[in-house]
Amino acid sequence: MNYYPRHGRWCNARTFPTDCWNCGKSIFVFMCDCHSVVLFDELGQPWPKHDCRDQSNRVDVFGGAQYTSEVMSFDDEYEMEIVKAKKTNKLKKWDFVKCDPQYKDAVQDVGVIRDIVLSVDLWNKYKLEKNTIGSAFLGRLKDGEYGQLTIHTGDITQESGKSYTFMLNKKLVDISKIIRHSPAGFRLRAHLIPGHPPIWVCEKLSL
Ligand SMILES: [Zn+2]
Ligand SMILES: [Zn+2]
């Protein structure tokens, strides 16, 4: 007997509007903690999938997913909630709100990459001199080379989505290979540079 997972609140299911990273069309992306990613042209029956493979022909971008898009289903409650959210026309004003960290915050989520800055000069950005004091201010960020990513996440049953902008150590991942609009899992931690608001720094990025 085949196992058909039914995704819902229990696996942190979330669905939100985005653009396809392959063809640029306005679509919806579904993601959950089972590492499932499914793209839909429309929400609701018959749940038309956006069948647009990227160059490597992968639909599951996280690897190791327990299903292909063909055996995907939601639990009834979650399905009802997202169809209702769509009907109430929330989507037209559905927006992504910038989430800045508080001191010592950490966050882990999956989302869609919206913006990529290949290189950020932290010394220059925070007007620090390259001396002992400057190094102390940058702390663990002083040795790496950094880029910056912005990721959108959320669920249309909420008032708005979330937008995270964070520093990414280039040793962690080759930032030049990251594709705009593609999904990514991420773990961020707040970093404090004295005299500035805390910033998000990436600890883990799964593409
Ligand atoms: Zn799931
Ligand atoms: Zn597409």
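Counting only residues that are over 13 Å from S119 (Cα atoms) and not in a strand (DSSP E or B), segment 142-172 holds 10 of them.
In segment 23-47, the residues that are at positive phi reach residues that are within 16 Å of ligand 1 (Cβ to nearest atom) and modelled with pLDDT under 85 with C-beta atoms within less than 6 angstrom, at least six apart or across chains, in these pairs: H35/F62; H35/A65. If the condition is being touching a Lys or Arg at 6+ places or on another chain (Cβ under 7 Å) and within 16 Å of ligand 1 (Cβ to nearest atom), then segment 1-31 contributes only M31. Can you name the residue in segment 174-191 that is assigned to a loop (DSSP other than H, G, I, E, B) and under 15 Å from the mean Cα position of the chain (by Cα) and is also farthest from G24 (Cα to Cα) among such residues? Checking each candidate, the answer is I178. Of everything in segment 85-128 that is part of a helix (DSSP H, G or I) and in contact (Cβ under 8 Å) with a residue 40 or more places away in the chain, the residue that is surrounded by the fewest Cβ atoms within 10 Å (Cβ to Cβ) is L91.
Looking only at segment 7-38, filter to residues that are over 12 Å from P183 (Cα atoms) and assigned to a loop (DSSP other than H, G, I, E, B); which one of those is nearest to ligand 2 (Cβ to nearest atom)? Per the criteria, the residue is C23.
Once segment 39-57 is narrowed to residues that are charged (D, E, K, R) and within 19 Å of T157 (Cα to Cα), the residue that is farthest from ligand 2 (Cβ to nearest atom) is E42.
Among the residues of segment 163-184, is there at least one that is surrounded by fewer than 19 Cβ atoms within 10 Å (Cβ to Cβ), under 23 Å from C20 (Cβ atoms) and out of contact with any strand residue (DSSP E or B) (no Cβ under 9 Å at 6 or more places or on another chain)? Among the residues of segment 163-184, at least one is surrounded by fewer than 19 Cβ atoms within 10 Å (Cβ to Cβ), under 23 Å from C20 (Cβ atoms) and out of contact with any strand residue (DSSP E or B) (no Cβ under 9 Å at 6 or more places or on another chain), which makes the answer yes.
The values are calculated or read from the model by the stated rules, or taken from the named source; none is laboratory data. Not measured: the values here are computed from a predicted model. Neighbour counts run over all protein chains shown; Cβ positions are idealised from the backbone, glycine included.
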